[in-house]
Amino acid sequence: MRRLSALVTAFVVVCLISIQAQEHVDHDVYWKIRQEGDTRSQILRTLHFLTDVYGPRLTGSPNLKAAGEWAVRQMEAWGLKNGRLEPWDFGYAGWLNERLSVHIVSPVKDHLVSEALAWTPGTNGLVRGAAVQITIPPRPTREELAAHLENLKDTVRGKVVLAGAPQRVLVTFNPPPLRREDRELLALYDPAGPATPTGPPAAQSAQTGQPPRQSGLNANQIDEQLNAFLLAGQALVRVNDAGRDHGQIRAFANRAYDTAKALPTVVMRNEDYGRISRLLADGHAVELELDIVNRTYPEGRTNYNAIAEIPGGDRADEVVMLGAHLDSWHAATGATDNGIGSAVIMEAARILAAVDVKPRRTIRVALWSGEEQGLLGSQAYIREHFGSFEEPKAEFSKLAGYFNIDAGTGRARGLTVFGPAPAAAILRQAVAPFSDLGVLGATTTRSRQRGGSDHTSFNEAGLPGIGVQQDPVQYNPYTWHTNLDTYERIVEEDVKKSAVVIAAAVYHVAVRDEPLPRFTKEEMPPRPRANPVQTATTSEPPR
Ligand SMILES: [Zn+2]
(Lines give C-alpha, C1' and ligand atoms only; values in the text may rest on other atoms or scores of the structure.)
Protein backbone atom coordinates (compact mmCIF):
# COMPACT_ATOMS: atom_id res chain seq x y z
CA MET A 1 0.00 0.00 0.00
CA ARG A 2 2.75 2.35 0.99
CA ARG A 3 4.60 1.45 -2.12
CA LEU A 4 1.52 2.14 -4.24
CA SER A 5 1.02 5.60 -2.75
CA ALA A 6 4.68 6.39 -3.38
CA LEU A 7 4.20 5.37 -7.00
CA VAL A 8 1.07 7.51 -7.29
CA THR A 9 2.91 10.46 -5.79
CA ALA A 10 5.77 9.97 -8.25
CA PHE A 11 3.30 9.81 -11.15
CA VAL A 12 1.60 13.03 -10.03
CA VAL A 13 4.96 14.77 -9.71
CA VAL A 14 6.00 13.67 -13.22
CA CYS A 15 2.67 14.92 -14.57
CA LEU A 16 3.09 18.27 -12.83
CA ILE A 17 6.59 18.71 -14.24
CA SER A 18 5.45 17.93 -17.76
CA ILE A 19 2.48 20.26 -17.34
CA GLN A 20 4.83 23.04 -16.27
CA ALA A 21 7.09 22.51 -19.28
CA GLN A 22 4.09 22.48 -21.59
CA GLU A 23 3.40 25.84 -23.24
CA HIS A 24 -0.22 26.82 -23.52
CA VAL A 25 -0.55 28.44 -26.90
CA ASP A 26 -3.76 30.30 -27.69
CA HIS A 27 -5.12 28.36 -30.65
CA ASP A 28 -8.00 30.80 -31.16
CA VAL A 29 -5.65 33.73 -31.63
CA TYR A 30 -3.27 31.59 -33.72
CA TRP A 31 -6.18 30.75 -36.03
CA LYS A 32 -7.10 34.41 -36.42
CA ILE A 33 -3.45 35.31 -37.14
CA ARG A 34 -3.29 32.63 -39.80
CA GLN A 35 -6.54 33.78 -41.43
CA GLU A 36 -5.60 37.45 -41.41
CA GLY A 37 -2.11 36.81 -42.84
CA ASP A 38 -3.39 34.43 -45.46
CA THR A 39 -6.42 36.33 -46.75
CA ARG A 40 -5.66 40.01 -46.23
CA SER A 41 -1.89 40.21 -46.69
CA GLN A 42 -0.44 43.66 -47.27
CA ILE A 43 3.16 42.48 -47.67
CA LEU A 44 3.54 43.11 -51.38
CA ARG A 45 1.96 46.54 -51.11
CA THR A 46 4.36 47.38 -48.27
CA LEU A 47 7.29 46.03 -50.28
CA HIS A 48 6.24 48.08 -53.30
CA PHE A 49 6.50 51.26 -51.24
CA LEU A 50 9.81 50.29 -49.63
CA THR A 51 11.45 49.32 -52.95
CA ASP A 52 9.78 51.00 -55.93
CA VAL A 53 8.87 54.25 -54.19
CA TYR A 54 11.68 54.72 -51.65
CA GLY A 55 14.48 52.41 -52.80
CA PRO A 56 17.39 52.24 -52.72
CA ARG A 57 17.49 53.03 -49.01
CA LEU A 58 21.15 53.70 -48.39
CA THR A 59 22.05 54.70 -44.84
CA GLY A 60 22.13 58.48 -44.49
CA SER A 61 20.10 59.06 -47.67
CA PRO A 62 16.86 61.02 -47.86
CA ASN A 63 15.26 57.88 -49.39
CA LEU A 64 15.85 55.92 -46.19
CA LYS A 65 14.48 58.67 -44.00
CA ALA A 66 11.39 58.95 -46.21
CA ALA A 67 10.92 55.17 -46.08
CA GLY A 68 11.09 55.27 -42.28
CA GLU A 69 8.57 58.11 -42.12
CA TRP A 70 6.23 56.23 -44.45
CA ALA A 71 6.58 53.01 -42.42
CA VAL A 72 5.69 54.82 -39.18
CA ARG A 73 2.68 56.52 -40.80
CA GLN A 74 1.55 53.20 -42.26
CA MET A 75 1.89 51.31 -38.97
CA GLU A 76 -0.11 54.03 -37.19
CA ALA A 77 -2.78 53.74 -39.85
CA TRP A 78 -2.95 50.02 -39.01
CA GLY A 79 -3.53 50.89 -35.36
CA LEU A 80 -0.05 50.79 -33.86
CA LYS A 81 0.81 53.51 -31.35
CA ASN A 82 3.80 55.63 -30.34
CA GLY A 83 5.23 55.70 -33.87
CA ARG A 84 8.46 57.69 -34.01
CA LEU A 85 11.88 58.01 -35.61
CA GLU A 86 14.62 57.65 -33.01
CA PRO A 87 17.81 59.45 -34.09
CA TRP A 88 21.37 58.19 -33.77
CA ASP A 89 24.64 59.65 -34.90
CA PHE A 90 26.03 58.10 -38.12
CA GLY A 91 28.77 60.70 -38.41
CA TYR A 92 28.99 60.69 -42.23
CA ALA A 93 27.04 62.58 -44.86
CA GLY A 94 24.45 60.59 -46.82
CA TRP A 95 25.08 59.75 -50.48
CA LEU A 96 23.04 58.84 -53.54
CA ASN A 97 23.74 58.15 -57.19
CA GLU A 98 21.36 59.98 -59.53
CA ARG A 99 22.70 59.18 -62.97
CA LEU A 100 25.31 56.90 -64.41
CA SER A 101 26.29 56.02 -67.93
CA VAL A 102 29.42 54.23 -69.05
CA HIS A 103 30.25 53.63 -72.72
CA ILE A 104 33.11 52.31 -74.74
CA VAL A 105 33.56 54.72 -77.66
CA SER A 106 36.69 53.29 -79.31
CA PRO A 107 37.64 50.89 -80.92
CA VAL A 108 33.93 49.89 -80.77
CA LYS A 109 30.85 51.64 -79.46
CA ASP A 110 28.76 50.00 -76.75
CA HIS A 111 27.06 50.51 -73.42
CA LEU A 112 28.87 49.04 -70.40
CA VAL A 113 26.91 47.81 -67.39
CA SER A 114 28.15 49.45 -64.20
CA GLU A 115 27.14 50.77 -60.79
CA ALA A 116 28.65 53.65 -58.81
CA LEU A 117 30.63 52.84 -55.69
CA ALA A 118 28.89 54.58 -52.79
CA TRP A 119 30.50 57.61 -51.15
CA THR A 120 32.57 58.42 -54.26
CA PRO A 121 32.25 61.69 -56.22
CA GLY A 122 30.60 62.15 -59.61
CA THR A 123 32.40 63.14 -62.80
CA ASN A 124 31.08 66.70 -63.02
CA GLY A 125 29.70 66.15 -66.49
CA LEU A 126 30.64 63.85 -69.35
CA VAL A 127 34.28 62.77 -69.29
CA ARG A 128 36.29 60.78 -71.80
CA GLY A 129 39.60 59.05 -71.33
CA ALA A 130 41.83 56.21 -72.42
CA ALA A 131 41.49 53.00 -70.43
CA VAL A 132 44.51 51.47 -68.74
CA GLN A 133 44.63 48.39 -66.59
CA ILE A 134 47.00 48.26 -63.68
CA THR A 135 48.03 45.19 -61.73
CA ILE A 136 47.93 44.93 -57.97
CA PRO A 137 50.35 42.48 -56.37
CA PRO A 138 48.65 39.85 -54.18
CA ARG A 139 48.64 40.75 -50.48
CA PRO A 140 51.49 43.30 -50.68
CA THR A 141 53.00 45.06 -47.69
CA ARG A 142 52.53 48.84 -47.54
CA GLU A 143 56.08 49.38 -48.85
CA GLU A 144 55.74 46.84 -51.65
CA LEU A 145 52.49 48.42 -52.84
CA ALA A 146 53.96 51.93 -52.67
CA ALA A 147 56.96 50.86 -54.76
CA HIS A 148 54.70 49.07 -57.26
CA LEU A 149 52.42 52.09 -57.65
CA GLU A 150 55.35 54.52 -57.92
CA ASN A 151 56.26 52.79 -61.21
CA LEU A 152 52.72 53.41 -62.51
CA LYS A 153 52.64 57.14 -61.78
CA ASP A 154 52.91 58.27 -65.39
CA THR A 155 50.53 55.53 -66.57
CA VAL A 156 47.41 56.70 -64.75
CA ARG A 157 47.32 60.48 -65.23
CA GLY A 158 44.10 61.47 -67.02
CA LYS A 159 43.16 57.82 -67.53
CA VAL A 160 40.24 55.58 -66.75
CA VAL A 161 42.01 53.05 -64.54
CA LEU A 162 40.90 49.42 -64.37
CA ALA A 163 42.06 48.30 -60.94
CA GLY A 164 43.47 44.80 -61.34
CA ALA A 165 43.12 41.90 -63.76
CA PRO A 166 39.59 40.58 -64.37
CA GLN A 167 38.51 37.72 -62.17
CA ARG A 168 37.87 34.42 -63.87
CA VAL A 169 34.34 33.44 -62.92
CA LEU A 170 33.71 29.82 -63.80
CA VAL A 171 30.43 28.32 -64.95
CA THR A 172 28.54 26.74 -62.04
CA PHE A 173 27.45 23.20 -62.82
CA ASN A 174 25.77 22.58 -59.45
CA PRO A 175 22.94 25.04 -58.91
CA PRO A 176 22.59 26.03 -55.25
CA PRO A 177 19.54 24.59 -53.44
CA LEU A 178 16.42 26.76 -53.10
CA ARG A 179 15.09 25.03 -49.99
CA ARG A 180 16.66 23.63 -46.86
CA GLU A 181 16.17 19.95 -46.18
CA ASP A 182 13.57 19.13 -43.49
CA ARG A 183 15.84 16.35 -42.26
CA GLU A 184 18.77 18.72 -41.69
CA LEU A 185 16.54 21.26 -39.91
CA LEU A 186 14.83 18.70 -37.69
CA ALA A 187 18.25 17.47 -36.57
CA LEU A 188 19.27 21.06 -35.88
CA TYR A 189 16.15 21.83 -33.82
CA ASP A 190 16.11 18.53 -31.94
CA PRO A 191 16.50 19.38 -28.23
CA ALA A 192 19.11 16.62 -28.03
CA GLY A 193 20.85 17.86 -31.18
CA PRO A 194 23.63 20.37 -31.77
CA ALA A 195 23.27 23.73 -30.02
CA THR A 196 24.73 25.86 -32.79
CA PRO A 197 23.12 26.27 -36.20
CA THR A 198 25.28 25.53 -39.18
CA GLY A 199 23.74 28.33 -41.25
CA PRO A 200 23.38 28.49 -45.02
CA PRO A 201 26.36 27.78 -47.25
CA ALA A 202 28.69 30.72 -47.76
CA ALA A 203 28.32 32.83 -50.88
CA GLN A 204 30.24 31.57 -53.83
CA SER A 205 33.52 33.37 -53.82
CA ALA A 206 34.89 34.74 -57.01
CA GLN A 207 38.30 35.21 -55.41
CA THR A 208 41.10 32.88 -56.29
CA GLY A 209 42.14 30.79 -53.33
CA GLN A 210 45.57 32.31 -52.63
CA PRO A 211 46.45 31.72 -48.99
CA PRO A 212 46.82 35.14 -47.35
CA ARG A 213 50.33 36.27 -46.52
CA GLN A 214 50.87 37.00 -42.88
CA SER A 215 52.35 40.45 -43.25
CA GLY A 216 50.33 41.67 -46.24
CA LEU A 217 47.71 44.42 -46.35
CA ASN A 218 44.06 43.43 -46.32
CA ALA A 219 41.69 44.42 -49.14
CA ASN A 220 40.54 47.56 -47.29
CA GLN A 221 44.09 48.78 -46.76
CA ILE A 222 45.03 48.09 -50.39
CA ASP A 223 41.95 50.03 -51.51
CA GLU A 224 42.78 52.99 -49.31
CA GLN A 225 46.38 53.17 -50.54
CA LEU A 226 45.30 52.74 -54.17
CA ASN A 227 42.68 55.50 -53.84
CA ALA A 228 45.24 57.91 -52.39
CA PHE A 229 47.65 57.06 -55.23
CA LEU A 230 45.03 57.52 -57.97
CA LEU A 231 43.94 60.87 -56.51
CA ALA A 232 47.52 62.12 -56.22
CA GLY A 233 48.30 60.77 -59.69
CA GLN A 234 45.30 62.66 -61.15
CA ALA A 235 43.65 59.65 -62.74
CA LEU A 236 40.21 60.35 -64.20
CA VAL A 237 38.02 57.48 -63.00
CA ARG A 238 38.56 54.20 -61.19
CA VAL A 239 36.88 51.03 -62.49
CA ASN A 240 36.52 47.89 -60.34
CA ASP A 241 35.64 44.42 -61.62
CA ALA A 242 32.35 43.11 -60.21
CA GLY A 243 33.83 39.61 -60.44
CA ARG A 244 30.49 37.76 -60.57
CA ASP A 245 28.59 35.89 -63.25
CA HIS A 246 25.49 36.80 -65.30
CA GLY A 247 26.09 40.53 -65.04
CA GLN A 248 25.72 40.64 -61.28
CA ILE A 249 27.23 43.66 -59.60
CA ARG A 250 27.77 44.12 -55.88
CA ALA A 251 28.66 47.76 -55.34
CA PHE A 252 29.56 48.67 -51.79
CA ALA A 253 31.23 51.83 -50.52
CA ASN A 254 34.42 53.81 -50.41
CA ARG A 255 35.22 52.85 -46.83
CA ALA A 256 36.30 56.35 -45.87
CA TYR A 257 32.63 57.40 -46.41
CA ASP A 258 34.13 60.62 -47.76
CA THR A 259 33.87 61.63 -51.42
CA ALA A 260 37.07 63.69 -51.10
CA LYS A 261 39.07 60.52 -50.48
CA ALA A 262 38.34 58.71 -53.76
CA LEU A 263 38.05 59.24 -57.50
CA PRO A 264 34.74 58.81 -59.27
CA THR A 265 34.52 55.00 -59.12
CA VAL A 266 32.33 52.44 -60.82
CA VAL A 267 31.97 48.70 -60.38
CA MET A 268 31.63 47.15 -63.85
CA ARG A 269 30.10 43.78 -64.63
CA ASN A 270 32.74 41.11 -65.06
CA GLU A 271 31.77 40.53 -68.70
CA ASP A 272 32.40 44.16 -69.75
CA TYR A 273 35.50 44.47 -67.59
CA GLY A 274 36.89 41.31 -69.16
CA ARG A 275 36.13 42.60 -72.66
CA ILE A 276 38.07 45.84 -72.10
CA SER A 277 40.90 43.94 -70.51
CA ARG A 278 41.15 41.58 -73.51
CA LEU A 279 41.03 44.50 -75.97
CA LEU A 280 43.86 46.21 -74.09
CA ALA A 281 45.86 42.99 -74.03
CA ASP A 282 45.50 42.80 -77.84
CA GLY A 283 47.09 46.23 -78.10
CA HIS A 284 43.91 48.19 -78.90
CA ALA A 285 43.64 51.75 -77.64
CA VAL A 286 40.37 51.74 -75.67
CA GLU A 287 38.46 54.95 -74.97
CA LEU A 288 35.68 55.16 -72.43
CA GLU A 289 33.09 57.86 -71.80
CA LEU A 290 31.39 58.29 -68.45
CA ASP A 291 28.78 60.51 -66.88
CA ILE A 292 28.20 60.07 -63.14
CA VAL A 293 26.01 62.31 -60.98
CA ASN A 294 26.32 61.60 -57.26
CA ARG A 295 24.98 63.76 -54.46
CA THR A 296 25.86 63.98 -50.77
CA TYR A 297 23.50 64.93 -47.94
CA PRO A 298 25.10 66.51 -44.84
CA GLU A 299 21.89 65.94 -42.84
CA GLY A 300 22.51 62.18 -43.23
CA ARG A 301 24.96 62.38 -40.32
CA THR A 302 21.89 61.82 -38.18
CA ASN A 303 20.09 58.57 -38.95
CA TYR A 304 16.85 57.14 -37.61
CA ASN A 305 15.40 53.84 -36.42
CA ALA A 306 11.65 53.64 -37.12
CA ILE A 307 9.64 52.49 -34.09
CA ALA A 308 5.96 51.69 -33.41
CA GLU A 309 4.14 49.72 -30.71
CA ILE A 310 1.11 47.74 -29.69
CA PRO A 311 0.78 48.78 -26.05
CA GLY A 312 0.77 46.02 -23.47
CA GLY A 313 -1.65 45.34 -20.60
CA ASP A 314 -0.70 44.28 -17.08
CA ARG A 315 2.99 43.93 -18.08
CA ALA A 316 3.17 46.99 -20.35
CA ASP A 317 6.59 47.98 -19.03
CA GLU A 318 7.99 44.73 -20.42
CA VAL A 319 8.66 44.58 -24.17
CA VAL A 320 8.74 41.99 -26.94
CA MET A 321 10.52 43.40 -29.96
CA LEU A 322 10.49 42.40 -33.62
CA GLY A 323 12.62 44.05 -36.25
CA ALA A 324 14.53 44.10 -39.50
CA HIS A 325 16.88 46.57 -41.10
CA LEU A 326 15.29 49.07 -43.44
CA ASP A 327 18.52 50.32 -45.01
CA SER A 328 19.86 48.71 -48.18
CA TRP A 329 22.71 48.90 -50.64
CA HIS A 330 22.18 51.02 -53.73
CA ALA A 331 22.77 48.85 -56.82
CA ALA A 332 19.08 47.87 -56.84
CA THR A 333 16.04 48.69 -54.71
CA GLY A 334 16.95 46.40 -51.80
CA ALA A 335 13.98 43.99 -51.99
CA THR A 336 15.41 40.80 -50.52
CA ASP A 337 17.93 42.70 -48.38
CA ASN A 338 16.03 43.77 -46.54
CA GLY A 339 12.90 45.50 -47.82
CA ILE A 340 11.14 42.17 -47.52
CA GLY A 341 12.32 41.59 -43.94
CA SER A 342 10.95 45.02 -43.04
CA ALA A 343 7.71 44.24 -44.90
CA VAL A 344 7.37 40.87 -43.10
CA ILE A 345 7.89 42.52 -39.70
CA MET A 346 5.42 45.32 -40.53
CA GLU A 347 2.96 42.69 -41.73
CA ALA A 348 3.35 40.65 -38.53
CA ALA A 349 2.55 43.82 -36.56
CA ARG A 350 -0.36 44.64 -38.89
CA ILE A 351 -1.82 41.15 -38.40
CA LEU A 352 -1.58 41.46 -34.61
CA ALA A 353 -3.27 44.88 -34.70
CA ALA A 354 -5.94 43.65 -37.13
CA VAL A 355 -6.95 40.67 -34.99
CA ASP A 356 -6.97 43.06 -32.04
CA VAL A 357 -4.69 41.08 -29.74
CA LYS A 358 -4.51 42.13 -26.12
CA PRO A 359 -0.85 41.47 -25.31
CA ARG A 360 0.24 41.63 -21.68
CA ARG A 361 3.65 42.96 -22.68
CA THR A 362 4.20 45.83 -25.11
CA ILE A 363 4.98 44.66 -28.66
CA ARG A 364 7.49 47.00 -30.32
CA VAL A 365 8.54 47.11 -33.97
CA ALA A 366 12.00 48.47 -34.86
CA LEU A 367 13.14 49.08 -38.43
CA TRP A 368 16.87 49.68 -38.18
CA SER A 369 19.19 51.86 -40.23
CA GLY A 370 22.97 51.54 -40.62
CA GLU A 371 22.86 47.73 -40.59
CA GLU A 372 24.93 47.49 -43.76
CA GLN A 373 27.62 49.72 -42.27
CA GLY A 374 28.04 47.40 -39.27
CA LEU A 375 24.73 46.98 -37.36
CA LEU A 376 25.05 50.61 -36.29
CA GLY A 377 21.37 51.51 -35.76
CA SER A 378 20.56 48.52 -33.56
CA GLN A 379 23.74 49.03 -31.53
CA ALA A 380 22.87 52.68 -30.96
CA TYR A 381 19.36 51.68 -29.85
CA ILE A 382 20.67 49.05 -27.43
CA ARG A 383 23.20 51.47 -25.96
CA GLU A 384 20.44 54.04 -25.49
CA HIS A 385 17.74 51.75 -24.08
CA PHE A 386 19.23 48.57 -22.63
CA GLY A 387 22.96 48.85 -22.01
CA SER A 388 24.51 45.41 -21.64
CA PHE A 389 24.68 42.48 -19.23
CA GLU A 390 27.90 43.99 -17.86
CA GLU A 391 26.53 47.56 -17.70
CA PRO A 392 22.74 47.27 -17.65
CA LYS A 393 20.28 50.15 -17.85
CA ALA A 394 16.91 50.00 -16.13
CA GLU A 395 15.22 48.57 -19.25
CA PHE A 396 17.76 45.75 -19.60
CA SER A 397 15.66 43.30 -17.59
CA LYS A 398 12.42 44.34 -19.36
CA LEU A 399 13.09 42.85 -22.80
CA ALA A 400 11.27 39.53 -23.14
CA GLY A 401 12.82 38.78 -26.55
CA TYR A 402 13.82 40.35 -29.90
CA PHE A 403 12.87 38.65 -33.22
CA ASN A 404 14.89 39.52 -36.34
CA ILE A 405 14.52 38.51 -40.00
CA ASP A 406 17.10 39.32 -42.67
CA ALA A 407 17.91 36.51 -45.11
CA GLY A 408 15.86 37.20 -48.20
CA THR A 409 12.54 35.93 -49.44
CA GLY A 410 12.76 32.33 -48.19
CA ARG A 411 10.09 31.22 -45.72
CA ALA A 412 10.90 30.97 -42.01
CA ARG A 413 12.15 27.49 -41.09
CA GLY A 414 13.12 27.94 -37.45
CA LEU A 415 14.46 30.20 -34.73
CA THR A 416 17.79 30.54 -32.95
CA VAL A 417 17.66 32.25 -29.58
CA PHE A 418 20.54 33.57 -27.51
CA GLY A 419 19.79 31.86 -24.22
CA PRO A 420 19.55 28.57 -22.34
CA ALA A 421 17.82 25.43 -23.63
CA PRO A 422 14.42 26.22 -22.01
CA ALA A 423 14.22 29.41 -24.13
CA ALA A 424 14.41 27.28 -27.30
CA ALA A 425 11.91 24.80 -25.83
CA ILE A 426 9.37 27.61 -25.37
CA LEU A 427 9.86 28.92 -28.91
CA ARG A 428 9.74 25.39 -30.33
CA GLN A 429 6.27 24.94 -28.83
CA ALA A 430 5.22 28.46 -29.80
CA VAL A 431 5.78 27.71 -33.50
CA ALA A 432 4.84 24.00 -33.47
CA PRO A 433 1.26 24.64 -34.73
CA PHE A 434 2.79 26.10 -37.92
CA SER A 435 4.86 23.12 -39.03
CA ASP A 436 2.60 22.91 -42.10
CA LEU A 437 4.01 26.33 -43.14
CA GLY A 438 7.55 24.95 -43.01
CA VAL A 439 8.75 26.16 -39.60
CA LEU A 440 10.30 23.21 -37.84
CA GLY A 441 11.63 24.27 -34.45
CA ALA A 442 14.08 26.34 -32.47
CA THR A 443 17.58 26.05 -31.13
CA THR A 444 19.96 28.11 -29.02
CA THR A 445 23.22 29.93 -29.48
CA ARG A 446 25.77 31.02 -26.89
CA SER A 447 27.61 33.33 -29.28
CA ARG A 448 27.93 37.00 -28.38
CA GLN A 449 29.89 37.69 -31.56
CA ARG A 450 28.35 40.54 -33.51
CA GLY A 451 27.85 40.08 -37.26
CA GLY A 452 25.29 38.88 -39.80
CA SER A 453 22.30 40.88 -38.68
CA ASP A 454 20.81 43.02 -35.93
CA HIS A 455 19.78 40.26 -33.51
CA THR A 456 23.49 39.74 -32.90
CA SER A 457 23.67 43.28 -31.47
CA PHE A 458 21.19 42.03 -28.85
CA ASN A 459 23.12 38.78 -28.33
CA GLU A 460 26.32 40.75 -27.88
CA ALA A 461 24.67 42.79 -25.14
CA GLY A 462 23.53 39.56 -23.45
CA LEU A 463 19.89 40.10 -24.45
CA PRO A 464 17.61 37.37 -25.89
CA GLY A 465 18.05 38.00 -29.63
CA ILE A 466 16.15 35.57 -31.88
CA GLY A 467 17.30 35.03 -35.47
CA VAL A 468 14.89 33.54 -38.00
CA GLN A 469 16.42 30.84 -40.25
CA GLN A 470 15.03 30.85 -43.77
CA ASP A 471 15.11 28.88 -46.98
CA PRO A 472 17.95 30.21 -49.17
CA VAL A 473 15.90 30.81 -52.41
CA GLN A 474 18.51 32.56 -54.63
CA TYR A 475 19.64 34.86 -51.84
CA ASN A 476 23.38 34.33 -51.53
CA PRO A 477 24.11 33.49 -55.16
CA TYR A 478 21.88 36.14 -56.80
CA THR A 479 20.20 38.91 -54.88
CA TRP A 480 22.22 39.62 -51.73
CA HIS A 481 23.72 43.13 -52.20
CA THR A 482 23.49 42.89 -56.00
CA ASN A 483 21.95 44.92 -58.80
CA LEU A 484 19.38 42.09 -59.12
CA ASP A 485 17.82 42.71 -55.71
CA THR A 486 14.36 43.82 -56.82
CA TYR A 487 10.66 43.34 -56.10
CA GLU A 488 10.45 40.60 -58.75
CA ARG A 489 12.58 38.21 -56.69
CA ILE A 490 10.04 37.92 -53.85
CA VAL A 491 8.08 34.68 -53.38
CA GLU A 492 4.74 35.85 -52.02
CA GLU A 493 3.70 32.51 -50.53
CA ASP A 494 6.94 32.29 -48.57
CA VAL A 495 6.88 35.77 -47.07
CA LYS A 496 3.22 35.47 -46.07
CA LYS A 497 4.12 32.33 -44.11
CA SER A 498 7.05 34.07 -42.40
CA ALA A 499 4.81 36.94 -41.26
CA VAL A 500 2.23 34.56 -39.77
CA VAL A 501 4.86 32.54 -37.90
CA ILE A 502 6.59 35.64 -36.51
CA ALA A 503 3.28 37.26 -35.51
CA ALA A 504 2.26 34.14 -33.59
CA ALA A 505 5.63 33.68 -31.87
CA VAL A 506 5.76 37.35 -30.86
CA TYR A 507 2.20 37.11 -29.53
CA HIS A 508 3.02 34.04 -27.50
CA VAL A 509 6.06 35.65 -25.87
CA ALA A 510 3.95 38.77 -25.19
CA VAL A 511 1.27 36.88 -23.24
CA ARG A 512 3.03 34.05 -21.39
CA ASP A 513 3.56 34.45 -17.65
CA GLU A 514 7.34 34.75 -17.76
CA PRO A 515 9.68 36.45 -20.25
CA LEU A 516 12.00 34.13 -22.20
CA PRO A 517 14.52 32.63 -19.78
CA ARG A 518 18.00 34.12 -19.99
CA PHE A 519 21.43 32.87 -19.09
CA THR A 520 22.11 33.23 -15.39
CA LYS A 521 25.09 35.22 -14.20
CA GLU A 522 27.06 31.96 -14.01
CA GLU A 523 25.99 30.78 -17.48
CA MET A 524 26.43 34.07 -19.38
CA PRO A 525 29.20 33.68 -21.97
CA PRO A 526 31.83 36.41 -21.75
CA ARG A 527 31.53 39.33 -24.17
CA PRO A 528 34.13 38.87 -26.93
CA ARG A 529 37.02 41.21 -26.31
CA ALA A 530 37.47 42.15 -29.94
CA ASN A 531 34.11 42.54 -31.65
CA PRO A 532 35.15 44.15 -34.89
CA VAL A 533 32.72 46.31 -36.77
CA GLN A 534 31.33 44.31 -39.65
CA THR A 535 32.69 45.84 -42.81
CA ALA A 536 30.52 46.70 -45.74
CA THR A 537 32.23 44.22 -48.00
CA THR A 538 32.38 41.08 -45.91
CA SER A 539 32.09 38.13 -48.25
CA GLU A 540 29.90 36.20 -45.81
CA PRO A 541 26.20 36.78 -46.29
CA PRO A 542 24.09 37.59 -43.26
CA ARG A 543 22.11 34.73 -41.81
ZN1 LIG B 1 20.45 42.48 -44.61
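The values are calculated or read from the model by the stated rules, or taken from the named source; none is laboratory data. Values in this document were obtained by computation on a predicted structure and should not be read as measured data. All Cβ positions, glycine included, derive from the backbone under ideal geometry; neighbour counts span all protein chains shown. Remember, those area values only see protein heavy atoms, side chains included, never the ligands or the DNA or RNA. Shrake-Rupley method; radii C 1.70, N 1.55, O 1.52, S 1.80 Å.
A few notes on this one:
- For the chain, calculated [θ]222 nm from helices alone, where every DSSP H run of n ≥ 4 adds -39500 (n - 2.57): -9500 deg cm²/dmol
- Distances between placed amide hydrogens fall under 5 Å for Asn305 paired with Glu86, Trp88, all partners being 5 or more residues away or on another chain.
- Distance violations [Cα-Cα > 24 Å] among Lys358/Lys497; Lys65/Lys398; Lys32/Lys65; Lys358/Lys393: Lys65/Lys398; Lys32/Lys65; Lys358/Lys393
- Remark: accessible surface ordering of Glu522, Glu287 (largest first) is Glu522, Glu287, probe radius 1.4 Å.
- 3J(HN,Hα) from dihedral phi, the stretch 175-180, Karplus parametrisation 6.51/-1.76/1.60, rounded to Hz, x for glycine, proline: x, x, x, 8, 10, 8
- Fraction of antiparallel bridges per DSSP, the chain only, in percent to nearest 5: 55 percent
- A straight Cα-to-Cα reach below 12 Å connects Lys496 with the aspartates and glutamates Glu36, Asp38, Glu347, residues fewer than 8 places away in its own chain not being considered.
- Put simply, the stretch 261-314 fits an ellipsoid with semi-axes of 48, 17, 8 Å; these come from the alpha carbon gyration tensor as the roots of five times its eigenvalues, largest first.
- P(r) tail fraction, the stretch 212-276 - alpha-carbon pairs more than 17 Å apart, %: 49 percent
- Taking Cα atoms only, the orientation of helix 492-511 departs from the longest principal axis of the chain by about 50 degrees.
- Amide hydrogen proximity for Ser453: with H placed 1.01 Å from N in the peptide plane, the residues at 5 or more positions away or on another chain lying under 5 Å are Arg543.
- Ranking by accessible area, most exposed first, for Glu184, Glu86, Glu391, Glu347 with a 1.4 Å probe: Glu391, Glu184, Glu86, Glu347
- Ranked from largest, the principal axis spans of the Cα set of the stretch 395-499 equal 41, 31, 21 Å.
- P(r) weight above 16 Å for the stretch 97-149, C-alpha pairs, percent: 62 percent
- Normalised radius of gyration (Cα atoms, divided by 2.2 N^0.38 Å) for the chain: 1.06.
- Computed accessible area, Asp52, all protein chains, 1.4 angstrom probe, square angstrom: 90 Å²
- Sorting Tyr381, Tyr478 by solvent-accessible area of protein heavy atoms yields Tyr478, Tyr381, largest first, with a 1.4 Å probe.
- Nearest 10 degrees, 0 to 90: helix 270-281 Cα axis against the chain principal axis: 20 degrees
- Rolling a 1.4 Å probe over the protein chains gives Lys81 an accessible area of about 100 Å².
- Residue ranges 328-339, 129-140, 396-407 sort as 328-339, 396-407, 129-140 when ordered by packing (mean number of other C-beta atoms within 10 Å per residue, highest first).
- Solvent-accessible surface (1.4 angstrom probe) belonging to Arg315, in square angstrom, nearest 10: 70 Å²
- The chain, accessible surface, carbon-and-sulfur percent (1.4 angstrom probe): 53 percent
- Straight-line cross-link reach from Lys153 at under 22 Å between alpha-carbon atoms covers these lysines, not counting any fewer than eight positions away in the same chain: Lys261.
- In the full protein context, the chain carries 43 Å² of accessible surface per residue, based on a 1.4 Å probe and ignoring ligands, DNA and RNA.
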